[in-house]
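Below is one structure; the comments refer to it alone.
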Amino acid sequence: MNPTHRIEAARKLYLGGDWVGARRACEAVLIAPTDAQEATDARLVLIECARRSGDRQTGMVHARAAVAATPEHALAHYALAVCCDESGDKAAAVGHLHRAIEGDPGMAQSHRFLGALLVDLGQPGAAIASFERAIAIDPDNADAWNNMGTALHQSNRLSDAESAYRRALALNPDYPRAECNLAVVQRDQGHPDLAEATLRACIARRPPATAYRPAYTALADLLRARSELDESAQLYLAAAKLAPNASSDEMLDLGLVLTERGDQLQARKAFAHALRVNSRSLRAALALNLTLPMIYEDAAHVARARAEYTQGLETLERELDARIDGLNSRQIANALIWSNFFLAYQGENDRDLQARYAAILARALDRADPAWRAPVAQESICGRRIRIGFVSALLRECTAGLYFSRWLTDLDRDRFEVCFYPLGNNDDAVTRAIHGRAERVRAFVGGDAFPSTVAAVIREEHLDVLVYPELGMDQVTFALAAMRLAPRQYAAWGHPVTTGHATIDAFFSCDSMEPPNAQEHYTEKLVRLPGIGTRFARPALPPPAAREQLNLPVDATLLLCPQSLFKIHPDNDAIFARVLASNPKAVLVLFAGRHPAITDQFMRRLQKCFDDYGIAIRERTRVLPQLDHAPYLSINMACDAMLDTLRWSGGQTSVDALDCGLPVVTLPGAMMRGRQSAGMLKLIGMEELIAKDVEDYLRIADRLCGDAVWRSALSQRIRERCGRLFDDAEPIKALEAFYEQAVVR
């Protein structure tokens, strides 16, 4: 039998499923090969046999031997690239693919594989070039067009990406991955309804199968973003069941949705399942150890949750090295997508806990690649403007956008160059205003919005200053902030709690809202801005609406508490009950949570307290649905007073209330997040609404309920004075002075 026939016979055995027979045939060839070529051909079959049996180490040995024996053999380098990729060494895989292409430039699969690796490495431009070469050789390959779409999507060329995905589907209509990718790009183009239709059609046309998992998860992602949490959870679970042994990501996402529904117990079970499937899922480990309740049963529950959180940090500190062992730098950076958002609502000083968590991130990043956190040298600003970048997932029509958009739009363009890096593809009045004023806008959407990708782009922007307006509210930006991407990095109080990051050099806050000992609450240098710290644009108020139109009782004294339910600490319950007990005509007006389960948990807790005071909760409360801003302002205008919350006071809600002339009674807390309303009231000279203690709070609330003349006079004075909260240029001037002094120094 000649050499060619021996190899062909082995290949037939392999293709027929007889891997053992194929392995034995090739091992026989290696005992007495005719030449190096035949030995390499035998090793190529042995590599596939080893991979099929899960023996990657043996596959790697044969691949290295094949390359050593025939260094110009294109398929040998290709096989070694596959082995390197499977072992996590993508850089080595890229090198061997270049050698494979040198040996056979017409081998389309090498160009396709190289492009896919470059996408994974965050090099979409180079990936596009590889896919173009692959398509030129083999224009009817659907995989090449689909992967081209992924690279174009990562480059934010959404229209071109859509065209590539459609070409892939034209070549292979039964291609769920391309159909899923098309839906994701439709979503990122601002067409979520079209994306949903694409995904539902993909799922409906086929029986459940492993190949269609991406459609289930993409639809679940879409519905989760729209707060349709129940169906989202069902879809994640369905996707997990399609491939139980590869379901770590789906179970992680299921746990996150269950957390958003307020089901911490089931969420932790999902996180534990994800970790059993993939013990190196760092995100699952973070979630399992650090997930916190949204609604607490009582103060003792808060204390228990805080103790469990501290134990979770200890577990992560102990297990971190094992969790990240074998992961490459990009995998580690992207696995750190987490934020301790709910910790601050416990109402305690979180400085030490935040610093410990930030140290875990720093340790992981240093282990991954010290370059992530290496110092960035300050470039000379001689003859140019100071270049300031802003990274945000929330600078749009929401609280963060209303607070901080003018930090970008109003900076003096003779002195400052503004770069905006939004995570997401929002299109509203706030984002359009920012885009119209920023010299550079680079949006990160979909699979592009990962820490490793965003960090690589921003570090090449050569910024002088990088600002995170709402650090702690978004998981991606919190991971980014652990890196050093600019010489000077600052955070603002969009989430008013210290970040703990050693890489954040200063924290911007409001002087009027901070206590005298405020620096003790921050790991960063505290910078106190004048006024309310920003240049608020005053909204146009809607015309007054009758209470009947708003589903509110006509004759009651309406006491508004508009905070998100997870912000209302159990310490507030007895205060609400005592106010209502003293004022039989008073009704507490609340807003529902994001999911009915959240509202139910909160109302059950409140009922326990109300029962102690003999208050009928159904008659004495109104729970309204979440509203857009204009109808929400109408509710403010229809109420008689606002009961501010302890530990976490109103921010945007207090601005809105005062703008509507609504008296706000508040008791300042120990930290800034519990002192926002008090700071605003001081600025407009309404200190009589700031309580000294709980009994004083109750006294003021009782008078607001019982003294309509006084209440009306307060409303008139508030309306006359609250203009001081709006369109104040001093905070912007203070920021400009700070930036100049920091950079020049």
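The values are calculated or read from the model by the stated rules, or taken from the named source; none is laboratory data. Note that this is a predicted model, so its numbers are computed, not measured. FYI the Cβ positions are ideal-geometry reconstructions off the backbone, even for glycines, and counts take in every protein chain you see.
The table for this structure:
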| read-out | value |
| --- | --- |
| Among (1) surrounded by fewer than 21 Cβ atoms within 10 Å (Cβ to Cβ); (2) aliphatic (A, V, I, L, M); (3) modelled with pLDDT under 85 - the single one A28 does not satisfy | (3) |
| Test: residue in the range 32-44 that is loosely packed, with under 14 Cβ neighbours inside 10 Å and without any contact (Cβ under 8 Å) to a residue 12 or more places away in the chain | yes |
| Lone qualifier among G95, G54 - being out of contact with any helix residue (DSSP H, G or I) (no Cβ under 7 Å at 6 or more places or on another chain), on the phi > 0 side of the Ramachandran plot and without any contact (Cβ under 8 Å) to a residue 60 or more places away in the chain | G54 |
| Any strands (runs of 3 or more DSSP E) falling wholly within the range 564-680 and containing at least 3 residues that are at positive phi, touching a Gly at 6+ places or on another chain (Cβ under 7 Å) and touching a residue at least 40 places away in the same chain (Cβ under 8 Å) | none |
| Only one of A708, A670 that is out of contact with any Pro (no Cβ under 6 Å at 6 or more places or on another chain) and more than 29 Å from T498 (Cβ to Cβ) | A708 |
| Some residue of the range 137-145 being over 26 Å from S232 (Cα atoms) and small (G, A, S) | yes |
| Checklist (1) outside any helix (DSSP H, G or I); (2) modelled with pLDDT of 95 or more applied to N156, failing item | (2) |
| Residue that is nearest to the chain's Cα centre (by Cα), among those in the range 436-495 that are over 25 Å from E736 (Cα atoms) and among the aromatic types (F, W, Y) | F450 |
| Criterion (in a helix (DSSP H, G or I), hydroxyl-bearing (S, T, Y) and over 20 Å from the mean Cα position of the chain (by Cα)) met by exactly one of S130, S232 | S130 |
| Test result for A400, among the small types (G, A, S), surrounded by 17 or more Cβ atoms within 10 Å (Cβ to Cβ) and in the same structural domain as Y421 (by TED's automatic domain parsing) | yes |
| Positions within the range 419-461 being without any contact (Cβ under 8 Å) to a residue 40 or more places away in the chain, touching an Asp or Glu at 6+ places or on another chain (Cβ under 6 Å) and within 18 Å of T477 (Cβ to Cβ), in sequence order | V430 |
| Failed criterion for C84 (all others in (1) closer than 23 Å to A136 by Cα; (2) hydrophobic (A, V, I, L, M, F, W, C); (3) at pLDDT below 90 hold) | (1) |
| Matching residues in the range 332-358 - criterion: being outside any loop (DSSP other than H, G, I, E, B), free of Cβ contacts under 8 Å to residues at least 60 places away in the same chain and surrounded by fewer than 20 Cβ atoms within 10 Å (Cβ to Cβ) | D352 |
